[in-house]
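Student: Can you read through this structure? Questions will come right after.
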Amino acid sequence: MIASCGAFKAQPVTSTAEFDRLNEIMAQLTRPATREWIVGRMAALLIHYYTAELPEQVNRAIGNDWAHELKGKPAWAISNACRWWMSPSESARIAGRPDLTLEAWERRQQLEAALANASTEEIMLARARVRAEHQREAS
């Protein structure tokens, strides 16, 4: 038996056993995650953004929303998406500034933290430094 399998077009399947094994692997890769697993994974992701005690009804509604949106997706894909979302390279996107590099975003965060307790004079000096840096970068 010589057949071809999608992404492996140049690699013929030469036996029924090999074909069956490939079908088994594809079934595992495309098997949808259970609703319980999805809700648990989303709870783990959202705990990073915990802000206040929410009523049980609200937590259930949030879980239902996630379960609805991710229904039919395999667990490995959901896990990878969660890791990508939490990755440092996405920090600038999460902060609403996709135009910033990670280094620029981190520098901005450090500056904002330093300025939180700074005097008016220190803030004016910092702004002057930032303007000077932008002028250097523009030249």
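Just so it is clear, none of the values below were taken in a lab; they were calculated from the coordinates. Quick caveat, the model's predicted, so the values are computed rather than measured. Note that each Cβ is placed from the backbone with ideal geometry, even for glycine, and that neighbours are counted across all protein chains shown.
Student: Apply the Karplus curve 6.51 cos²θ - 1.76 cosθ + 1.60, θ = phi - 60°, to the phi angles in segment 11-16 and return the couplings in whole Hz, x for Gly and Pro.
Tutor: Those phi angles translate into 10, x, 8, 9, 9, 5 Hz.
Student: Answer with one residue from Thr16, Gln28, Gly40: the one whose Cα lies farthest towards the positive end of the charge dipole of segment 9-57, charges on Cβ with Lys, Arg +1 and Asp, Glu -1.
Tutor: Thr16
Student: List the residues whose amide H sits under 5 Å from the amide H of Lys73, counting only those 5 or more places along or on another chain, with H placed 1.01 Å from N in the peptide plane.
Tutor: Counting only residues 5 or more places away or on other chains, the set is Ala33.
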